[in-house]
Amino acid sequence: MHPFQFYLKTEVVFGADTHAQVASLVKKHGGSRVLVVYGGGSCVRSGLLQTVTDGLTAEGLTFDTFGGAQPNPRLAHAREGVKKALAFGADFILAVGGGSSIDTAKAIAVGAAAPDTDIWDFWTRKAEPKKVLPVGVVLTLPAAGSETSDSAVLTDEATMTKRGLSTDLNRPAFAVLDPKLAATLPKYQVACGVTDILMHTLDRYFNPVPDNEISDAMAEALLRVVLENGRKVYADPADLHAMSEIMWCGSLSHNGLTGLGGKKDFAVHQLGHALSARYDVAHGASLAAVWGSWAKAVADADGYARFAGFGRKVWGIAEADDKKAALLAIEKQVAYFKSLDMPVCLADFGLGDMDTEELAELCSYGKTRNIGTFRVLDHDAVCAIYRAAKN
Ligand code: NZQ
Ligand code: ZN
């Protein structure tokens, strides 16, 4: 193992019906004036929001609500949330929903603790957060891993920029993972979620540091479990056993564990973020659409060794030749995304004729940064991957 630093403060409460414990967890973690942040209304329709707020009232806590977080959550909406949290005097932010609600809650927690700084300054690295309000999470969609991750992702519509802020301050105080809550998910969101969970580990696993055996073995095990149970939850989101596996894997995949000691790559996420920022496509789908082209562009970075290992240990490929095993593994992974009806090229989104140069500009922040570690990709390499991903 190579050196690493790992800090995970989040109390995880996992299992069917655990959402009944939310109010007592808020109290335990010091909340008394709670801003409940949610999305477009799925938790209103399911009755979950009512159950949660009834629980807060029963615990003697004061609350206000802030709905409207949309997929690829917007900076302007988060700024509104900061205003609301300050006016209400919130001392705790509770997210009810998927990654977009959680990231909005995290942004509000950062902003409300620094009322004199515009929150985007933290996302553009002009300022560094020193403290945040505590955040609790009731997860309804296993996907982004935000419930235990150190990251929060916002989109600035004005500049078509999607950016993440990573700091241990972003890790929630607690996360309630109740797999029953995901049974109402539309199939498309299930598929996006399974893809994102796979990608959080793939983007760590494909890195240039070869000898972190336990991290790699954990990554391979997680990938196998997600591939197997991903098929099952796609067929039936109410399959409680399979959804339980997927939900816990969603947290494990993005809390850092599967990449410790390595130099995480995350180029596929950067390629996907530019797509989502420009075309507002769902995060998981944006990743599936470019993964195959990215993989083919980088697989020979170490003479195909790592992709061949992925093929043998995750996909059970018996081929002895590294190049053949690697290319077969890529084929199988892309076919898996297809089997979940995910886009595997940009034409699948109806974006086959988009301007790859413009997209690469967005991805490379106007040619000011390279992305990736397994193979470092400059603007031209990024452009070539988008071009290859067209059809
Ligand atoms: O908004 P509501 O009405 O709740 O509906 C949502 C939304 O339409 C719906 N949904 C959620 N739970 C449901 C449900 N519908 C029925 N039943 C339920 N139980 O699903 C739709 C998508 O929700 P969203 O929160 O946008 O999805 P996801 O969890 O995939 O989050 C995506 C966002 O997270 C970011 C992505 O970039 C994207 O902005 N990410 C955040 C990360 C982090 N903070 O660590 C890491 C990820 O790589 C990712 O970038
Ligand atoms: Zn992701």
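The values are calculated or read from the model by the stated rules, or taken from the named source; none is laboratory data. Predicted, not measured: the structure shown is a model, and the values here were computed from it. We place every Cβ from the backbone using ideal geometry, glycine too, and count neighbours over all the protein chains shown. These area figures cover heavy atoms from the full protein model, side chains too; ligands, DNA and RNA do not enter into them. Shrake-Rupley method; radii C 1.70, N 1.55, O 1.52, S 1.80 Å.
A compact table of results
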{"read-out": "Boolean, Val290 is more than 16 Å from ligand 2 (Cβ to nearest atom) and touching a residue at least 24 places away in the same chain (Cβ under 8 Å)", "value": "no"}
{"read-out": "Test for Pro172: is it within 16 Å of ligand 2 (Cβ to nearest atom), part of a loop (DSSP other than H, G, I, E, B), outside the structural domain of Tyr279 (by TED's automatic domain parsing) and more than 30 Å from Tyr304 (Cα to Cα)", "value": "no"}
{"read-out": "Residue list for region 318-350, filter: crowded, with 20+ Cβ neighbours inside 10 Å and farther than 24 Å from Gly272 by Cβ", "value": "Asp322, Ala325"}
{"read-out": "Only one of Val334, Val290 that is of a type in the set (A, V, I, L, M, F, W, C), more than 16 Å from ligand 1 (Cβ to nearest atom), at pLDDT 95 or above and closer than 18 Å to Phe206 by Cβ", "value": "Val334"}
{"read-out": "Filter result for the condition that a residue is closer than 20 Å to His273 by Cβ and open to solvent by 70 Å² or more (accessible area, probe 1.4 Å), over Asp353, Asp380", "value": "Asp380"}
{"read-out": "Filter result for the condition that a residue is within 16 Å of ligand 2 (Cβ to nearest atom) and out of contact with any strand residue (DSSP E or B) (no Cβ under 7 Å at 6 or more places or on another chain), over Arg125, Arg204, Arg163", "value": "Arg204"}
{"read-out": "Matching residues in region 164-180 - criterion: being open to solvent by less than 30 Å² (accessible area, probe 1.4 Å) and of a type in the set (Lys, Arg)", "value": "Arg171"}
{"read-out": "Pairs where the first residue, in region 34-52, is assigned by TED's automatic domain parsing to the domain that holds Gly99 and the second is more than 16 Å from ligand 2 (Cβ to nearest atom) and in a loop (DSSP other than H, G, I, E, B), C-beta under 6 Å, 6+ apart", "value": "Val34/Leu61; Leu35/Ala90; Tyr38/Gly67; Gly39/Ala69"}
{"read-out": "Selection count, region 227-264, where residues are open to solvent by 30 Å² or more (accessible area, probe 1.4 Å), in contact with a strand residue (DSSP E or B) (Cβ under 8 Å, 6 or more places away or on another chain) and not aromatic (Phe, Trp, Tyr)", "value": "0"}
{"read-out": "Close pairs from region 121-134: first touching a residue at least 60 places away in the same chain (Cβ under 8 Å), partner buried (at least 18 other Cβ atoms within 10 Å of the Cβ), Cβ under 7 Å, at least 6 apart", "value": "Pro134/Gly31; Pro134/Phe92; Pro134/Ala173"}
{"read-out": "Residue ID - farthest from Gln50 (Cα to Cα), chosen from residues in region 89-116 that are open to solvent by 10 Å² or more (accessible area, probe 1.4 Å) and more than 10 Å from ligand 1 (Cβ to nearest atom)", "value": "Asp116"}
